Amino acid sequence: MTLLREAIGDSLRRARLAQHRTLREVSTSARVSLGYLSEVERGRKEASSELLAAICAALDVPLSRVLWDVSTIMAGVDGLPVGEPAEAAATPAAEAEQTTAAAESAEAAPALAPASASMSAAPPQIAEDTRIVIPAPKADMLVLVRNN
């Protein structure tokens, strides 16, 4: 079982390492002690919302991005499909609402052009009546809808 504080620490550490920054640089910028920041990154300490906001500001990463990353990690641990919000998979009613919304979006989307024959590798076979619906910035996932 992954703890929330461990997932938050992993996300913060990945963001820091992606920027090639040291703990010292981030701790100075966030005005957090080096030792405490290290403990947060290792999932040993529960960070307050104020502390998380300061660390995210020091990393120039939105807190919402870290929380999205953490929710994706936690959903994967819980066995949910990655990228699908937990509440959507929790109840059949919520799933039905999401499917209905996706179908309504599909009706408004233009038909996709057939794949080009000049592609070197054979593309995956997708039924002609299948449309890919890309939601507004609210989600980072594709929803495939089949019209019957």
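The values are calculated or read from the model by the stated rules, or taken from the named source; none is laboratory data. No experiment lies behind these values; they were computed from the predicted model shown. Cβ atoms come from the backbone with ideal geometry, glycine included; neighbour counts cover every protein chain shown.
LEU37 - would you say it is under 18 Å from ILE73 (Cα atoms), of a type in the set (A, V, I, L, M) and in contact with a Leu (Cβ under 9 Å, 6 or more places away or on another chain)? So that I can check it myself, show each step before the final result.
On the way: under 18 Å from ILE73 (Cα atoms): no; of a type in the set (A, V, I, L, M): yes; in contact with a Leu (Cβ under 9 Å, 6 or more places away or on another chain): yes.
Spelling it out, it is not the case that LEU37 is under 18 Å from ILE73 (Cα atoms), of a type in the set (A, V, I, L, M) and in contact with a Leu (Cβ under 9 Å, 6 or more places away or on another chain).
Listed by first and then second residue, the pairs with beta-carbon distance under 6 Å, at least 6 apart or on different chains, first residue in segment 27-45 and among the β-branched types (Val, Ile, Thr) and surrounded by 18 or more Cβ atoms within 10 Å (Cβ to Cβ), second in a loop (DSSP other than H, G, I, E, B) and at pLDDT below 95, are VAL40/ALA47.
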